[in-house]
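Chemist: Before I ask anything, here is the structure I am working with.
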């Protein structure tokens, strides 16, 4: 056979293979990528929080046709990986291989949820009302358990849970003091599933019914509407009336956002010190009660180079809380330290408790892997603090109020339990000192600030944030962003300094203990019950047979 005929046949064969592949996989790829695509648009810094109410719809529509498990596993793993690569792509500024590995690990967490949903959804869609509700509650609880699991263990990284998508929708967050952020995640998944059930009812189940006035009635959807009203009710029922000046305490805070890069380079030391001096002197002209600096601001360890910082505080007559490295013997600590006009640098400081794996230390047993430091980028060797800490401050106002501050460093505010431990110390507000300048201007700062909003509402406590490159501001106890440092174009990524007037009720409120764990234990228990139940039920082919005594609607 001539060579040119063989080439033509080969090309034709490749075209047929491609056509067959597209016919076989296009629906799977479209549904999985659409699901994660909608979820991505709901996450900060994108302003499309409502996408979180229907992001699961493409997946549920596909699952109702009983697709092959292999296709579900492959496409949702791939789509989840791409989603997380886009979500945390800013990590590549530190380490590209590390970002790729972290994104893959995070995509593995969600994969079991989609596999179990594929198992349960087909039968639930055609089952009775009881079967559908139990399935929706079970899948919602499982989603919460997966998010909780991402908080645990050495590599715990609970970044951008589903509830974060609502960080600018304060009304729906008011349930958090009772359920934590888990409650919002649960509701969003439940609403997605009820919406899919409603559409399925209109297109499929209604046609099978005998008709009548209630033919279009889908109770699943109305249960989710009732749940939505329940979530909104605290916003209206527990809304405090405006406080008069006599009923308020206030604290005027000077915030320095220096946007320092490469702080430890020898040639940059004098320049960066000058920036901090100018910003501190500038905000001191506005007579603040406190001046704050972001994480690791000082070029050298504060206890080894304290004089210039002490001089700033003494000259301006204002106490300071500064993010700085402290070195003691062979150990370094990432700290927040207090500098007062009279005493200078305090010998007591808060040391960061949750260190960044592969950033501030190499966890065991990974430290024995050859060449690991080249893979994950520059790694420090820091010691970790082991207890929460507080600072006491006095305002300079007429009421001379005393405040207790709970410090948090870097990404500690993404861990709910770490924040609750600090809140239990009886603090009046939380201070988050962070340095997101490592990660460019691609959304990391907004994503990080979104977690502070959740922590503020969960614990009914204001949060003050000072970032090196962006999102410096304060958030009240109901999740409203009261002041944010922005330039003329609305960007948060710039070098600036300003003051914020934080307001607090003068009357003592209920003791702050943080939300109880009842809801997470409910979700965990329900998930275990559901998995045990699945293990006991018979299977028909690859479809779970679920028995329900409820009348089908």
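The values are calculated or read from the model by the stated rules, or taken from the named source; none is laboratory data. Fair warning: this is a prediction, and the values are worked out from it, not measured in the lab. Here the Cβ positions follow ideal geometry from the backbone for every residue, glycine too, while neighbour counts run over all protein chains shown.
Chemist: Any chance you could count how many residues in segment 210-246 are surrounded by 14 or more Cβ atoms within 10 Å (Cβ to Cβ) and modelled with pLDDT under 70?
Modeler: Of the residues in segment 210-246, 2 are surrounded by 14 or more Cβ atoms within 10 Å (Cβ to Cβ) and modelled with pLDDT under 70.
Chemist: I'd like to know if segment 369-388 contains one or more residues that are at positive phi, in the same structural domain as residue 301 (by TED's automatic domain parsing) and either surrounded by fewer than 19 Cβ atoms within 10 Å (Cβ to Cβ) or at pLDDT 95 or above (or both). Break it down stepwise before answering.
Modeler: Residues of segment 369-388 that are at positive phi, as a first pass: 371, 377.
Next, from what is left, pick out any that are in the same structural domain as residue 301 (by TED's automatic domain parsing): none.
For segment 369-388, residues at positive phi, in the same structural domain as residue 301 (by TED's automatic domain parsing) and either surrounded by fewer than 19 Cβ atoms within 10 Å (Cβ to Cβ) or at pLDDT 95 or above (or both): absent.
Chemist: Any idea which residue in segment 99-155 is farthest from residue 198 (Cα to Cα), counting only those that are free of Cβ contacts under 8 Å to residues at least 24 places away in the same chain and not in a helix (DSSP H, G or I)?
Modeler: 153
Chemist: Also, quick follow-up: So which residues in segment 86-98 are in a helix (DSSP H, G or I) and touching a helix residue (DSSP H, G or I) at 6+ places or on another chain (Cβ under 7 Å)?
Modeler: 86, 87, 89, 90, 91, 92, 93, 97, 98
Chemist: Kindly list the number of the only condition in (1) in a helix (DSSP H, G or I); (2) farther than 25 Å from residue 383 by Cα; (3) free of Cβ contacts under 8 Å to residues at least 60 places away in the same chain that fails for residue 291.
Modeler: Residue 291 satisfies all of (1) in a helix (DSSP H, G or I); (2) farther than 25 Å from residue 383 by Cα; (3) free of Cβ contacts under 8 Å to residues at least 60 places away in the same chain except (1).
Chemist: Restricting to segment 165-197, name every residue that is surrounded by fewer than 24 Cβ atoms within 10 Å (Cβ to Cβ) and closer than 18 Å to residue 471 by Cβ.
Modeler: Scanning segment 165-197 gives 168, 169, 170.
Chemist: Has segment 187-209 got any residue that is at pLDDT below 95 and outside any helix (DSSP H, G or I)?
Modeler: Yes, the conditions are met somewhere in segment 187-209.
Chemist: Which condition from (1) modelled with pLDDT of 90 or more; (2) farther than 30 Å from residue 131 by Cα; (3) not in a loop (DSSP other than H, G, I, E, B) is the one that residue 479 breaks?
Modeler: (3)
Chemist: Let me ask something additional. Out of all the residues in segment 440-476, which are surrounded by fewer than 24 Cβ atoms within 10 Å (Cβ to Cβ) and more than 17 Å from residue 88 (Cβ to Cβ)?
Modeler: Selection gives 460, 461, 462, 473, 476.
Chemist: Any idea which of (1) modelled with pLDDT of 90 or more; (2) closer than 30 Å to residue 83 by Cα; (3) in a helix (DSSP H, G or I) is the one residue 168 doesn't satisfy?
Modeler: The number of the failed condition is (3).
Chemist: While we're here: Here is a list: 418, 427. Which entry is assigned to a helix (DSSP H, G or I) and in contact with a strand residue (DSSP E or B) (Cβ under 9 Å, 6 or more places away or on another chain)?
Modeler: Working: 427 fails: assigned to a helix (DSSP H, G or I).
Residue meeting the stated conditions: 418.
Chemist: Sticking with this one: If residue 136 passes every condition in (1) modelled with pLDDT of 90 or more; (2) surrounded by fewer than 24 Cβ atoms within 10 Å (Cβ to Cβ); (3) under 30 Å from residue 238 (Cβ atoms) but one, which one does it miss?
Modeler: Status for residue 136: all satisfied but (2).
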